[in-house]
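For reference, the structure is listed below as structure tokens.
The values are calculated or read from the model by the stated rules, or taken from the named source; none is laboratory data. This one's a predicted model, so the numbers in the text were calculated from it and none came from an experiment. A quick note on method: Cβ atoms are made from the backbone with ideal geometry, for glycine too, and the neighbour counts reach across all protein chains shown.
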Amino acid sequence: ARLSAIRMLRSAIKDREIELGHSLVDEEVLEVIAKLIKQRRESATQYGDAGREDLAERETEEAEVMATYLPTPLSEAEIECIIGEAIEETGACSLRDMGRVMAWVRPRMLGRADMGQVSSRVKARLVGA
């Protein structure tokens, strides 16, 4: 699974470079890796639901290998702190400001937190604001 995951990463990065027409910067590489990990985890869930544990396990192993190429994940406290900073820096006071907050948060958390969960947290904070 390790060799397969590495080949998949290299191929996806090269495909993205061709698509964009330039060598990827670190943030773009992290986006590619995060996307592949998300796809592997979704596939593992679908295979598991279909009773194909062998395929689910392979997808999970590939996701774990790919995750080793990401920076150290943020702690819950760090995520909450960054969200708080983003709300303060952008002056966000309602759900209408979510786009600005996410634009501020994304480069600071990319590859270090599940952006879907971060989005849910931001939304909850803005609704409660």
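Residues that are closer than 9 Å to Val65 by Cβ and more than 17 Å from the chain's Cα centre (by Cα) within the stretch 9-18 are absent altogether. Please work out if Ile13 is in a helix (DSSP H, G or I), at pLDDT 95 or above and under 25 Å from Gly128 (Cβ atoms). Here the answer is no, as Ile13 does not meet what is asked. Filtering the stretch 40-74 to residues that are of a type in the set (S, T, N, Q) and at pLDDT 95 or above leaves Ser43, Thr45, Gln46, Thr60. Considering only residues of the stretch 68-126 that are surrounded by 15 or more Cβ atoms within 10 Å (Cβ to Cβ) and touching a residue at least 60 places away in the same chain (Cβ under 8 Å), which is farthest from Ile33 (Cα to Cα)? In this case the residue turns out to be Met115.
Among the residues of the stretch 20-35, is any touching a Pro at 6+ places or on another chain (Cβ under 7 Å) and either modelled with pLDDT of 95 or more or on the phi < 0 side of the Ramachandran plot (or both)? The answer is yes; a qualifying residue exists. Can you tell me which residue is nearest to the chain's Cα centre (by Cα) among those in the stretch 22-44 that are over 15 Å from Ala12 (Cβ atoms) and surrounded by 13 or more Cβ atoms within 10 Å (Cβ to Cβ)? Here the residue is Arg41. Within the stretch 52-67, if we keep just the residues that are in contact (Cβ under 8 Å) with a residue 60 or more places away in the chain and of a type outside the set (D, E, K, R), the residue that is surrounded by the fewest Cβ atoms within 10 Å (Cβ to Cβ) turns out to be Val65.
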